[in-house]
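No lab work stands behind these numbers, since they all come straight from the coordinates. Computed from a predicted model, the values in this text were never measured in an experiment. Reconstructed Cβ throughout: ideal geometry from the backbone, glycine too, with neighbour counts over all protein chains shown.
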Amino acid sequence: MVSGEYEIERELKFSNVEHSLIREKLRELQAEKMGVPVLEDNYIFDHKDQLKNIGCVLRLRIENNGGIISFKGPPTFKEGVKIRQEIETRVENPYKMRKILELLGYKVMRRYQKIREVWRLGGVTIYLDRTPIGNFVEFEGMGSEKVALRCGLDPENAEKKSYVELYDEYREQHPNAPLDMIFENEK
């Protein structure tokens, strides 16, 4: 969702998925692949943990063709689906946007990367994400639950944590891991 308007994000995220099996199922369902996989570099901004403390996120995503600035409100969960307010808009120059945020007093608190492959089936967008800590699949939009079920995934088993929270858990088990969830060649 990138419209610049107030919207509600409805998301299901599953960890430890086999992307080849999900791709096969998406092809059977006649989902449309939306381009080639893209490296996303995500920066989480905050000021003295003000946003984190109320469950909100301010994120700048840098991609090969610009960036996206996103504000996400606190999440609620209904039958495994994460639901939250989301406001996003494209930015032509994400590096200038980062500077603006820093001049406003926000600092980069965390960074994470993923290689994202996007599919669409009706009103649902499916993201196959490869991260430094494993493969994930996200279903976003009205009807996410049905598409997840058709792909063999139970919405009740959806991951409730963000990538940052999942990486924090990973770091507890791997104390030598870097602070940020980035691919080794991107340091």
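The table for this structure:
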{"quantity": "Cα-based convex hull, the stretch 12-128, per residue volume (Å³, whole number)", "calculated": "127 Å³"}
{"quantity": "Loop-resident sites, the stretch 1-92, for trypsin sites (Lys or Arg not before Pro), counting at most 11 other Cβ within 10 Å (DSSP)", "calculated": "48"}
{"quantity": "From phi via Karplus (6.51, -1.76, 1.60), per-residue ³J(HN,Hα) for the stretch 104-115 in Hz, x at Gly/Pro", "calculated": "7, x, 8, 10, 6, 9, 8, 9, 8, 10, 7, 9"}
{"quantity": "In nm, spacing of pseudo-spin labels at residue 64 and residue 21 (7 Å Cα→C-beta vector)", "calculated": "3.0 nm"}
{"quantity": "Long-range amide H partners of residue 135 with built H, under 5 Å", "calculated": "16, 17"}
{"quantity": "Selected from 134, 67, 35 as most flexible by GNM, with the chain as the system and alpha-carbon contacts under 10 Å", "calculated": "35"}
{"quantity": "GNM result for the chain, Cα springs below 10 Å: residue of 88, 138, 102 fluctuating most strongly", "calculated": "102"}
